[in-house]
Amino acid sequence: MKTVKIDEAFEISQVAAGCMRAADAGMEGDTFLRFAEECMEMGITTFDHAPVYGGYTCEKLFGDAVLRKKPELRKKMQIVTKTGIVLPGKNGNKTIYYESSKQEIKKEMEASLANLGTDYVDLLLVHRPDPLADPEETADALDTLVKEGKVRYIGVSNFMPSQVEMLQSYMKNKIVINQMELSVKNTENYFNGVTDDAFTRRMPLMAWSPLGGGSVFSGEDEQSVRLRSVLEEIASGYGTTIDTIMYAWLFVHPVRIAAITGTMQTDRIKKAVEALEIKLSYDEWYQILEASRGFSVP
Ligand SMILES: NC(=O)c1ccc[n+]([C@@H]2O[C@H](COP(=O)([O-])OP(=O)(O)OC[C@H]3O[C@@H](n4cnc5c(N)ncnc54)[C@H](OP(=O)(O)O)[C@@H]3O)[C@@H](O)[C@H]2O)c1
């Protein structure tokens with residue numbers, strides 16, 4: 001398995017297993033344990049979580065099925081989780097909101113550790129920028145978790161470059177990764193400064209919804225139809241399927257992108273691992289970009 005190096009002491013697998021859909025897919029008990037073990041046999045050692053996945057259920061399903069059953073797996077994997085989305089009802093609230101206050105971050109972290117069945121996570125990401133946050137307070141909360149040994153590294157998700165810069169300016173620890181939506185369906189983050197910012201910071205990216213949430217496979221919208229046609233032609237040249245080409249389209253980028261798979265079917269996840277061996281040409285990369293946007297570059 002190829003890895004994405006964060007620093008001398010920390011790397012993540014370039015294919016990471018996302019657990020957002022675990023509850024919907026009926027993952028629990030031995031089924032979830034088998035899923036995690038099969039991922040690890042393929043070299044996928046990084047598991048992506050968030051407290052809100054499955055309406056606050058997925059972290060505990062994973063903790064009960066995997067880490068409480070086989071604690072010896074903990075040291076062999078990297079656990080990523082997030083903080084700062086509050087679903088309706090959690091704090092007696094009527095609507096969903098983003099909160100990166102010290103109190104909320106601390107409270108969510110304690111719950112995540114208890115649910116996951118571990119005393120530390122490898123990477124904690126601020127899930128979404130909170131427009132009401134005082135960055136000094138957020139930074140202090142995050143740095144404190146690192147100091148306490150509950151978190152090894154801090155990252156962000158869905159942050160624009162100015163938001164990364166602002167939070168970083170208050171932090172003692174380095175922000176080591178930005179987790180963004182990036183796929184053949186959503187190419188925006190290659191062109192809006194996010195990728196440039198990652199290069200400038202010598203920081204890799206994690207791509208969420210790397211298959212566009214699955215829409216390319218059967219969507220009848222014009223973009224999906226165009227993409228399927230081009231992807232199928234390129235895939236047949238490599239003797240593979242379109243999902244592998246969609247992952248390969250991310251992996252070829254030199255900024256270093258780890259793709260977070262969404263499916264809980266390991267035979268489908270294998271298609272991401274196979275993509276690590278394919279290096280798309282400039283021509284192929286641009287054909288896919290063109291199909292995504294519906295126009296060629298000038
Ligand atoms: N940071 C954030 O804000 C954020 C937001 C969203 C997600 N995430 C992370 O990113 C991960 C991945 O997101 P995602 O689930 O949207 O990823 P995705 O891989 O783009 O989409 C997954 C969907 O694609 C379908 N699919 C996969 N392979 C297929 C195939 N060969 N044929 C037909 N359908 C196929 C899956 O169906 P099946 O399930 O039936 O296989 C599933 O419905 C999440 O688990 C989460 O960890 C982060």
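Data table
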{"item": "Extended-chain gain in nm, criterion 0.36 nm per residue less alpha-carbon gap, Arg202 and Leu132", "result": "22.4 nm"}
{"item": "For the stretch 214-298: rounded, prolate or oblate by the Cα gyration tensor [a/c cutoff 1.5]", "result": "oblate"}
{"item": "Residues of the stretch 1-25 with amide N under 20 Å of a point placed 7 Å along Cα→Cβ from Lys75", "result": "8-13"}
{"item": "37 °C / 0.692 mPa s Stokes-Einstein diffusion coefficient of the stretch 129-261, Kirkwood radius on C-alpha pairs, µm²/s", "result": "200"}
{"item": "Cα long-axis angle, helix 242-251 against the chain (0 to 90 degrees, to the nearest 10)", "result": "60"}
{"item": "P(r), alpha carbons of the stretch 3-293 - 5 Å bins starting at zero, rounded %", "result": "1, 5, 13, 16, 18, 17, 14, 9, 5, 2, 0"}
{"item": "Selected from Ser209, Ser169, Ser112 as most flexible by GNM, with the chain as the system and alpha-carbon contacts under 10 Å", "result": "Ser169"}
{"item": "Overall dimensions of the stretch 1-62 by Cα: Rg and Dmax, Å", "result": "12.6, 37"}
{"item": "Whole-Å semi-axes of the stretch 255-298's equivalent ellipsoid (Cα gyration tensor)", "result": "26, 13, 10"}
{"item": "Three-way shape label, the stretch 93-204, alpha-carbon gyration tensor, a/c 1.5", "result": "prolate"}
{"item": "Estimated inter-spin distance, Arg68 and Glu181, nm [label 7 Å along Cα→Cβ]", "result": "3.4"}
{"item": "Candidates Asn173, Asn192, Asn115: whichever shows maximal mean-square fluctuation once the chain is modelled as a Gaussian network with Cα springs under 10 Å", "result": "Asn192"}
{"item": "Length added when fully stretched, Trp285-Ser101, from 0.36 nm per residue minus Cα-Cα", "result": "62.1 nm"}
{"item": "Difference of contour (0.36 nm per residue) and Cα-Cα distance, Lys147 to Arg21", "result": "42.2 nm"}
{"item": "DSSP-loop trypsin sites (Lys or Arg not before Pro) across the stretch 169-209, with at most 16 other Cβ within 10 angstrom", "result": "Lys172, Lys174, Arg202"}
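All of the numbers you see were taken from the coordinates with simple rules; none came from a lab. Nothing here was measured: the structure is a model prediction, and the numbers come from that model. Every residue, glycine among them, receives a Cβ derived from its backbone with ideal geometry; neighbour counts consider all protein chains shown.
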